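Here the structure is laid out as C-alpha cells; the discussion comes afterwards.
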Amino acid sequence: MKFGVIFEDTGVEEEHDFDTKPVAGDLVTLTRDGVGKDYIVIIEPDPDHTHDDGRDGHPTKARVRPA
C-alpha cells in the first residue's frame, strides 16, 4: 500500500510502498534516488480514521527522520 512520506531532514514529500501501515517508532528502509536508507517513523499516517468531527487534525502522511 502506498503512503505519502515527509522527510523531516529535507521537507521533501514522496509516495512510498509499505507492506503494512507505518506506525510511530517503526524502523523502515526507504529508497530515494536509487539508494536504500533507514528511517524512523515519527508521525504515523491515519488516512482511514473516522470519528464524529471528521478527519481534521489527523495526519494523512507519515513523517520520518534518518535512523
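Which condition does F3 not pass, out of (1) modelled with pLDDT under 95; (2) open to solvent by 80 Å² or more (accessible area, probe 1.4 Å); (3) in a strand (DSSP E or B), if it passes all the others?
The single condition F3 does not satisfy is (2).
Under 8 Å between Cβ atoms, which residue pairs at least 6 apart in sequence (or on different chains) link something in the range 2-30 that is over 13 Å from V41 (Cα atoms) with a partner that is modelled with pLDDT under 90 and among the polar types (S, T, N, Q)?
Partner pairs satisfying both residue conditions: none exist.
Tally up the residues in the range 22-39 that are surrounded by fewer than 15 Cβ atoms within 10 Å (Cβ to Cβ) and touching a Pro at 6+ places or on another chain (Cβ under 9 Å), please.
Step one: filter the range 22-39 for residues surrounded by fewer than 15 Cβ atoms within 10 Å (Cβ to Cβ), giving 23-25, 27, 29, 31-38.
Narrowing further to those that are touching a Pro at 6+ places or on another chain (Cβ under 9 Å): 37-38.
Total meeting the criteria: 2.
The values are calculated or read from the model by the stated rules, or taken from the named source; none is laboratory data. On a predicted model such as this, the values are computed, not experimentally measured, just so you know. Here Cβ is always computed from backbone atoms with ideal geometry, including for glycine, and neighbour counts include all displayed protein chains. Just the protein is used for accessible areas: all its heavy atoms, side chains included, with ligands, DNA and RNA removed. Shrake-Rupley method; radii C 1.70, N 1.55, O 1.52, S 1.80 Å.
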